[in-house]
Each structure stands twice: as C-alpha cells, then as structure tokens.
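To start, the structure itself, in structure tokens.
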Amino acid sequence: MNETPLFEIHKKMNAKFVNFNGWIMPVWFKDLKQEHLHVRSSVGIFDVSHMGEIEIEGADAENFVNFTFTNKISDLKKGQARYGFFCNNEGGVIDDVIIYKLNDLRFFVCVNAGNVENVFNWLNSNSDAYEVAIKNLTSFYGQLAIQGPRAVEEVAKLFPNSQIQSIKKYTISTLNELDVEFKSKLNHSCPNEDNFLIARTGYTGEDGFELFVPNEVLNEIYLKIIGGIVNIEPCGLGSRDTLRLEKGFPLHGNELSEKLNPIVANLERFIDFSKADFIGKVSLEVLSKNSDFTLIGFKMTDKGIPRAGYKIFSNNNEIGYVTSGTFSPSLNEGIGLGIIKKDFSEIEDIEVKIRNDKKKVKRVSYPFV
Amino acid sequence: MSEIIKDLKYSNDHEWIRLDGDHASIGITDHAQDSLGEIVFVELPKVGDVLEKSSIFGAVESTKSVSDLYTPVAGTVTEVNASVENEPELINSSPYREGWMIKISPTNVADIETLLSSEEYKNLIDG
C-alpha cells in the first residue's frame with residue numbers, strides 16, 4: 001500500500017483512512033458533511049498526492065499531445081490548461097486529464113492515481129514517430145488542493161509576492177515564495193526545475209488552487225498552509241467525491257473507463273473533431289452520431305440513497321445502472337448519475353433497485369447544485 | 001475510545017443485543033457507528049418479519065458507504081424504532097440507547113448466550 005508523505009500527520013489528526021487505488025488516504029477527519037459544507041462556504045485543503053504527474057517534453061511535444069489528446073491544444077498560451085481525454089482506438093477513455101502548457105516545448109499532465117502506469121505506457125507506445133521525452137514525475141510531486149470561496153484571497157495573503165490573484169482560472173504558474181524557502185532544502189530537484197507549481201484548477205466546483213510541490217518538503221508546506229490560513233478545514237476523499245458529484249463531474253472508473261466513452265458521458269464538448277487526427281477520432285465520430293447509451297442525473301423521490309452499480313428500471317425493464325450516487329450534503333437528499341439506454345432518455349419517472357426494492361427517482365439535469 | 005456496555009452481548013458484525021424479559025433489542029455498537037461516520041439513512045424490517053440468524057435485517061448508510069445489518073439471533077420482529085428512521089443521527093449520538101433499531105422475540109433465548117461478552121467484543125475491536 002502506498003502512503004503520501006502526510007500519512008503520519010494525518011494519523012495524528014485522527015483521520016479515518018481508506019484504500020483508494022492502492023493508496024491509503026484520509027476519507028474524512030471529523031465529519032464528511034462538515035468538510036463538504038466548509039468547502040462550499042469557506043475553504044478546505046485536500047491531500048491529493050496520490051494523483052500522478054507526467055511531463056511531455058521535446059521539439060514535437062505539441063504535435064504529440066495534439067495526436068494523443070481529444071481536446072484542442074494548438075490555441076493554448078503558456079500557462080494555460082485544458083481538460084480532455086486520452087482515448088483508445090475504440091473511443092474508450094484511458095484517462096481524463098488536465099494538460100497544462102508550461103511552455104512551447106513542455107506539457108504537464110495531471111493523471112488519476114489508478115491510471116498512472118497505464119497512461120505512461122500508452123503514451124510511450126504511441127511516441128515512436130515523435131521527438132519527445134515522456135517523464136513520470138509522480139514520485140517527485142505531492143499535490144495539495146485548496147478549494148472554496150475563500151481560497152484565492154487566503155492563498156494570496158499567505159504568498160503576498162506571487163501575485164496569486166493574477167493567476168487566472170485554468171492556468172498554472174510558479175510559487176516563488178516556496179521556491180525561495182524550500183529549494184535549498186531539496187535533495188532531488190525536479191528534472192525541469194519546476195519544483196513549486198500552482199494551478200487555479202480543482203475538482204470541487206469551487207474556486208481554488210492545486211499545488212504541485214516536491215514530496216520531500218510536502219509536510220512542511222502542508223503545515224505552513226494549515227497553520228497560515230485561519231479556519232481552513234482538512235478534508236478527505238469522502239467529501240472530494242460528494243463535492244464533485246454534486247457538480248456532475250465524472251470520475252474515471254465510474255462515468256468514464258476504457259469501456260465507456262466520452263459521448264455516453266455527455267462530454268463531447270471536450271473532443272475537438274475539427275483536428276486532423278487524434279487517437280480514437282474515427283470511433284468517437286461514429287459514436288457521436290449513433291450512441292445507444294447516455295448519462296443522466298436523478299434525485300430520489302422515495303427514501304433511499306443510490307449507489308454505484310444499482311440497476312435502473314422503467315416499467316420493469318432494466319434500462320441501465322447507477323454510475324455514482326450519494327446522499328448530497330448540500331441538498332440533504334439522494335442524488336445520482338447513471339447510464340441508461342438512449343431510447344428511454346425522455347422518460348421522467350424511473351426506478352432504482354436498492355437492495356430488494358425498486359425506489360422511485362426523478363430525472364433532473366446536473367450539476368445538482 | 002469506543003464505549004462498550006458491560007451487560008450486553010455482541011456479534012462479530014458489531015451489533016449489540018439486550019435481553020429484556022421475552023424481548024431483545026438490537027442496535028449497532030459505538031465502534032460501528034464511529035467507523036461509519038455520520039449516519040444519514042437506515043432501512044429496517046417490518047413488525048412481524050421473521051429473521052434467520054445471520055440474515056440481513058436492514059442497512060445503515062453514511063454519506064460514503066452502506067453497511068448491511070446482520071441478525072445476531074433468530075426471532076420475530078416485535079417493534080421497530082421509528083425515531084431512528086426519522087433521525088438516523090441518533091445512532092451516532094446514542095448507539096446503545098435512543099439509537100436502538102429493532103426489538104425481536106427470539107426463537108430461542110439461549111442463543112443469546114452464545115454471542116460475545118463485552119470482554120470478548122473488546123478483544124475483537126482491539127485485535
């Protein structure tokens with residue numbers, strides 16, 4: 001089992017832990033709901049060091065990213081980021097990622113924890129015709145997500161010389177103060193010297209930042225942040241999941257997978273079909289015209305909480321299954337996403353089988369909040 | 001530290017059972033509620049349901065997860081705690097008292113003796 005550098009600190013903070021993709025991670029500290037609501041109304045911090053970081057560098061870096069990534073890349077300026085997919089030839093999603101353009105020759109990719117090896121091997125196996133170096137920097141970088149409506153002002157107060165407010169949404173920059181304070185302490189510098197990165201991105205639907213900083217000094221940086229921001233709540237993966245689900249964000253392994261394509265998940269807007277070519281394009285074009293399944297959002301009408309894997313029915317016909325479900329801390333009711341047969345996509349009243357009983361749910365659009 | 005009540009009997013599945021005359025009340029332990037986190041939903045059987053030993057009689061759900069409830073000894077449901085259905089958080093705040101879940105009439109009262117003592121249950125969760 002992998003643990004992040006913050007494991008011992010989190011143990012002392014009485015975190016509850018959970019195994020997530022081979023990592024032992026805090027699932028909550030005191031109370032999941034409280035952490036969730038605090039991120040919606042104030043500011044919370046998540047250790048997401050289990051996430052992977054891969055860098056693509058070289059003369060052909062942009063061409064290579066353009067060929068492997070579904071979304072447009074050619075219009076990105078230095079520091080800009082874009083969400084999209086690495087798809088296989090069938091259009092299935094190897095991973096959903098954010099790609100940051102560090103400069104014309106370097107792209108930085110944030111990868112889901114369980115997919116790092118897969119993505120790294122897949123990128124390498126497709127890179128023969130390109131002059132690129134693909135580096136797995138996952139063991140070098142830890143990652144902290146600071147999220148919530150107070151995040152920007154508080155991080156700006158903590159790092160007054162870094163012009164935090166000028167870091168626009170979906171861009172990445174360097175955190176000068178951390179560089180000055182911690183660089184000399186590093187035994188192993190990042191191969192590209194980008195040791196302290198800060199991106200205005202996240203997975204909660206709230207404003208905030210993700211910091212990519214060396215694992216070696218993650219403890220000190222974490223303590224500096226939780227000590228320096230008044231009333232910041234340490235949060236676990238439990239609230240990270242409920243926060244993303246309320247916003248209708250997909251989770252790889254649930255709404256997306258190598259068997260599930262972005263068309264089914266209603267994420268076609270992150271595919272740029274105007275590009276000359278990219279892996280999976282042909283299949284995705286076919287799917288976009290003719291897909292038998294679609295992702296829907298729903299709320300419970302009857303009592304109960306939907307969970308991933310539960311079956312969805314319409315008039316005794318099994319029409320699909322729940323991909324993610326929870327009890328929404330903001331709404332105080334059961335919410336879910338599910339994949340159903342497209343023929344039934346206009347039907348409002350459907351049922352979810354919870355244990356032995358079918359429970360009424362109603363179709364709603366998402367985000368739920 | 002999780003609270004363990006001395007005079008109760010316990011199951012390996014973290015339920016407690018309290019015999020009171022011909023009836024026995026059942027709930028989940030302090031350790032169980034603490035592991036689950038804030039309980040937001042509970043599903044319980046109906047009065048009159050006949051429960052086999054080790055069968056699933058209901059479920060408790062936190063935001064994060066679902067846990068089945070297992071019948072510690074066979075019996076017939078005589079009462080269901082409507083309060084915890086309406087306020088599942090009672091199971092967190094008072095797992096051994098207000099947070100009780102069902103009462104049963106055990107098929108064989110002596111079965112209760114075969115369950116874990118408070119000492120044995122303590123060893124189970126400390127182990």
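No lab work stands behind these numbers, since they all come straight from the coordinates. Please read these numbers as outputs of a predicted model, since none were measured by experiment. Heads up, the Cβs are rebuilt from the backbone with ideal geometry, glycines too, and the neighbour counts pull from every protein chain shown.
Take the Cα of A:Glu220, step 7 Å toward its Cβ, do the same at B:Ser83, and the gap between the two points is 5.4 nm.
Considering only beta bridges that DSSP places wholly inside chain A, some 95 percent are antiparallel.
Which ³J(HN,Hα) values in Hz, rounded to whole numbers, follow from the phi angles of region B:48-59 under the Karplus curve 6.51 cos²θ - 1.76 cosθ + 1.60, where θ = phi - 60° and Gly and Pro get x? Values, residue by residue: x, 5, 9, 10, 7, 4, 6, 6, 7, 9, x, 8 Hz.
Amide H contacts for A:Ile354 (H built 1.01 Å from N in the peptide plane; partners 5 or more residues away or on another chain; cut-off under 5 Å): A:Lys359. Debye-formula intensities of region A:1-94, expressed as log10 I(q)/I(0) at q = 0.13, 0.20, 0.25 Å⁻¹, are -0.73, -0.99, -1.22 (one equal scatterer per alpha-carbon, no solvent).
Taken residue by residue and averaged, Cβ atoms of other chains lying within 10 Å of the Cβ of B:71-79 number 0. Shape annotation for region A:292-369: C-alpha extents along the principal axes are 32, 28, 19 Å, from largest to smallest. P(r) for the protein assembly as shown, from all Cα pairs and a bin width of 10 Å, is 4, 17, 25, 23, 17, 9, 4, 1, 0 %, short bins first. Label separation (B:Ser65 vs B:Thr107): 3.0 nm, computed from points 7 Å beyond Cα along the C-beta direction.
Of the candidates A:Ile198, A:Ile229, A:Ile99, which one comes out as most mobile in a Gaussian network treatment of chain A with C-alpha springs shorter than 10 Å? With Cα springs under 10 Å in chain A, the top fluctuation among A:Ile198, A:Ile229, A:Ile99 is at A:Ile229. Residues whose amide H comes within less than 5 Å of that of A:Phe293, counting only those at least five positions distant or on another chain, are A:Lys342 (H built at 1.01 Å from N in the peptide plane).
Take the Cα of A:Tyr321, step 7 Å toward its Cβ, do the same at A:Lys303, and the gap between the two points is 2.8 nm.
Coordinate range of the alpha-carbon atoms in region B:13-108 per principal axis, descending: 35, 22, 22 Å. Around the amide H of A:Glu233, modelled in the peptide plane, lie the amide H atoms of A:Val43, A:Gly44, A:Ile45, all under 5 Å away and 5 or more residues distant in sequence or on another chain.
Computed from backbone phi, the HN-Hα couplings of region A:81-91 come to 10, 8, 8, x, 10, 9, 10, 7, 5, 7, x Hz, rounded to whole numbers (Karplus: 6.51 cos²θ - 1.76 cosθ + 1.60, θ = phi - 60°; Gly and Pro given as x). Placing a label point 7 Å from the Cα of A:Val369 along the Cα-to-Cβ direction, the residues of region A:316-347 whose backbone N falls under 13 Å from that point are A:326-335.
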